[in-house]
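Read through the structure below, which is laid out as structure tokens, and then see the notes.
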Amino acid sequence: MSLIVMEHADAAPLETPKQAESTKNWADAGAIGAVMFETAVLNPAIDQLNFIASMGTALINHPDILLELLGGVALVVGGGSMIGGGGALAVTGVGAVPGGGVAWAGAGVAATGFLAVSHAAGRWTNEAVGDDATNVVERPSPRRHPINIVTTTACSRTRTGPALPSRSRGEPEPATQPNEGSTAP
């Protein structure tokens, strides 16, 4: 009797239908969680890392962009100093006319600096997403999640009948033949 009991004790316990459904639900939830993690966290992080690497590559390949950025910042700082100095001179009352002129000139210098910085930033971004774009990290290959399998099979349709001819963009519509017995010329 004890030998038989030991054999049954070593056997795997059977799952009830409720336990099997719970196991399937947890597997589905894990697959959904994996898809959400890839979509919301992993893919944006990879995109950001690749963009930052591309920005660095653009600065290495185009050092003039960095010089333009630094020059623009220097103009903004210098123009701000001129505005402050001219304003201080104008407040004293003695140097109102020259102080006002210096302040206005400082505003022009600062505006020129802002234009230089914005131009350099635009060039930098264009180079980073254009010729200097690099992929340091590749996205993982898509896996077959249970969610993808269900979505694909539910949405796929089989088409019966003759295949339609494919056209490329810019090609004219094919000429249609009039139906037999019609009075079309």
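Every read-out reported here was derived from the displayed coordinates using simple, explicitly stated rules and does not represent laboratory data. On a predicted model such as this, the values are computed, not experimentally measured, just so you know. Ideal geometry is used to build each Cβ from the backbone, glycine not excepted, and the neighbour counts take in all protein chains shown.
Using the Karplus relation 6.51 cos²θ - 1.76 cosθ + 1.60 with θ = phi - 60°, the per-residue 3J(HN,Hα) values for the stretch 32-43 come to 5, x, 5, 5, 5, 5, 4, 6, 8, 10, 5, 5 Hz, with x marking Gly and Pro.
Multiplying the sequence separation of Ala111 and Ala74 by 0.36 nm and subtracting their Cα-Cα distance, what value in nm do you get? All intermediate terms of the calculation are to be shown ahead of the outcome.
Values: separation 37, 0.36 × 37 = 13.32 nm, distance 1.16 nm.
Gain on extension, Ala111 to Ala74, equals 12.2 nm.
Structural descriptor for the stretch 73-116: relative contact order 52 percent, calculated from alpha carbon pairs under 8 angstrom and at least 6 residues apart.
By how many nm would the segment from Thr16 to Asp47 grow when fully extended, if each residue of separation counts as 0.36 nm and the alpha-carbon distance is taken off?
Numbers: separation 31, 0.36 × 31 = 11.16 nm, distance 4.51 nm.
Answer, rounded to one decimal: 6.7 nm.
With the simple spin-label model, which puts each label point 7 Å out from Cα in the Cβ direction, the Ile32 to Val91 separation comes to 6.3 nm.
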